[in-house]
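The structure under discussion appears below in the form of structure tokens.
Every read-out reported here was derived from the displayed coordinates using simple, explicitly stated rules and does not represent laboratory data. Since this is a predicted model, take the numbers as computed values, not measurements. Please note: Cβ atoms are built from the backbone with ideal geometry, for glycine as well, and neighbour counts cover all protein chains shown.
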Amino acid sequence: MKRDFTKLLDISVKEGEYLLKRAHVLKRQRRAARARLPFAGKILAMIFEKASTRTRLSFEVGMRELGGHAIFLSPGETQIGRGEPVRDTARVLSRYVDVIMIRTYAQDVVEELAGWAAVPVINGLSDLYHPCQILADLFTIEEYKGDARKIKIAYVGDGNNVANSWLEASILFGLDFTIAVPAQYRPAEDLLEKAAENKRFHIVADPREAVKGADVVYTDVWVSMGQESEKKKRRRDFADYKIDERLLRQADRKAIVMHCLPAYRGEEISEDTFERYSDVIFTQAENRLHVQKALLEWLIKNS
């Protein structure tokens with residue numbers, strides 16, 4: 001039976017733990033130049049309807065380091081952008097490649113692609129979820145803080161796709177997770193209902209309340225791709241949700257700050273705070289590579 005990764009709740013706790021452990025091994029192997037090439041001849045198709053830096057680089061480099069090959073597909077260069085049905089694209093690609101990654105707008109497109117493809121499908125980002133990012137974030141937390149289930153994590157900002165995937169992580173792993181978000185920007189309500197079954201989950205309006213005693217403070221952009229027309233309003237609505245040194249006084253004194261990038265200094269995070277925690281933030285970006293190699297390996301082996 002083929003496996004897909006369209007959101008975090010597609011996997012079990014044990015599978016999530018395996019992927020994180022495997023990513024640690026792959027990272028050590030890469031540094032020691034001992035990585036094997038288990039996927040010689042395997043091909044990853046990468047469909048991009050949204051622009052990307054980290055997603056494209058991490059998947060393309062990761063596939064090459066595993067011994068395979070990655071093919072970049074943009075709407076302007078394929079029939080996808082000319083109105084070909086997703087189900088037809090899925091069936092054609094399944095005849096050519098071993099795994100498909102898509103970075104797109106609608107989650108429905110990801111799920112339709114997964115439903116029709118005969119090979120594994122990975123959600124590289126949609127408007128609803130960003131599961132690969134959160135796997136890399138959990139991996140990064142393990143490196144800096146140990147088991148994410150034993151610490152307090154606070155998310156401050158927009159209830160966007162990153163927030164939704166953090167909610168899924170809190171559901172999957174039973175995390176001590178608090179999100180601070182303005183009422184009009186709440187994450188997906190169905191996920192909030194599921195998350196609320198975990199007594200360690202909280203949603204608040206006050207960033208100071210969320211960050212109090214936190215070991216990890218996380219933020220993301222206030223204006224995501226496709227929301228440019230809302231920029232002025234969002235900047236006003238999120239003015240009190242900036243991660244800066246003043247807010248961090250509420251957190252644990254050994255807390256780390258995380259950001260999935262790109263970052264808009266002076267908006268969701270101050271310049272000095274970003275630079276103070278830049279090693280953590282850029283390690284997050286690097287860790288997309290290691291986690292996604294583990295994910296590619298696992299999906300191909302188990303499909």
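The table below gives the values:
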| item | result |
| --- | --- |
| Calculated diffusion of the stretch 103-151, Stokes-Einstein form, Kirkwood radius summed over Cα pairs, 20 °C and 1.002 mPa s, µm²/s | 174 |
| Ranked packing of 235-247, 208-220, most packed first, by mean Cβ within 10 Å | 208-220, 235-247 |
| Percent of C-alpha pairs per 5 Å bin, the stretch 72-147, short to long | 3, 15, 21, 23, 14, 9, 7, 5, 3, 0 |
| Along each principal axis, Cα extent of the stretch 108-202, largest first, Å | 39, 34, 22 |
| Given K27/K199; K42/K145; K27/K150, the pairs whose alpha carbons are separated by over 27 Å | K27/K199; K42/K145 |
| Highest average packing first - 40-47, 130-137, Cβ atoms within 10 Å | 130-137, 40-47 |
| Stretchable slack from V92 to A196, in nm (0.36 nm times residue separation minus alpha-carbon distance) | 33.3 nm |
| Residues H69, H259 arranged by fewest to most Cβ contacts within 10 Å | H69, H259 |
| DSSP-assigned coil residues among chymotrypsin sites (Phe, Trp or Tyr not before Pro) in the stretch 246-303, each with at most 16 further Cβ atoms within 10 Å | Y264 |
| Given charges at Cβ of Lys, Arg, Asp, Glu: the chain dipole, positive-most of L191, S170, A205 | S170 |
| Sorted by Cβ neighbour density within 10 Å, fewest at the top, the residues M225, M63, M101 | M225, M63, M101 |
| DSSP-defined antiparallel bridges as percent of all bridges, the chain, nearest 5 | 0 |
| Debye log10 I(q)/I(0) for the stretch 133-284, one point scatterer per Cα, at q = 0.13, 0.21 Å⁻¹ | -0.51, -1.49 |
| Whole-angstrom gap from the stretch 246-303 to the stretch 152-223, using each part's C-alpha centre | 16 |
| Where a label projected 7 Å from the Cα of V61 along Cα→Cβ would reach, residues of the stretch 275-302 with amide N under 15 Å | 281-294 |
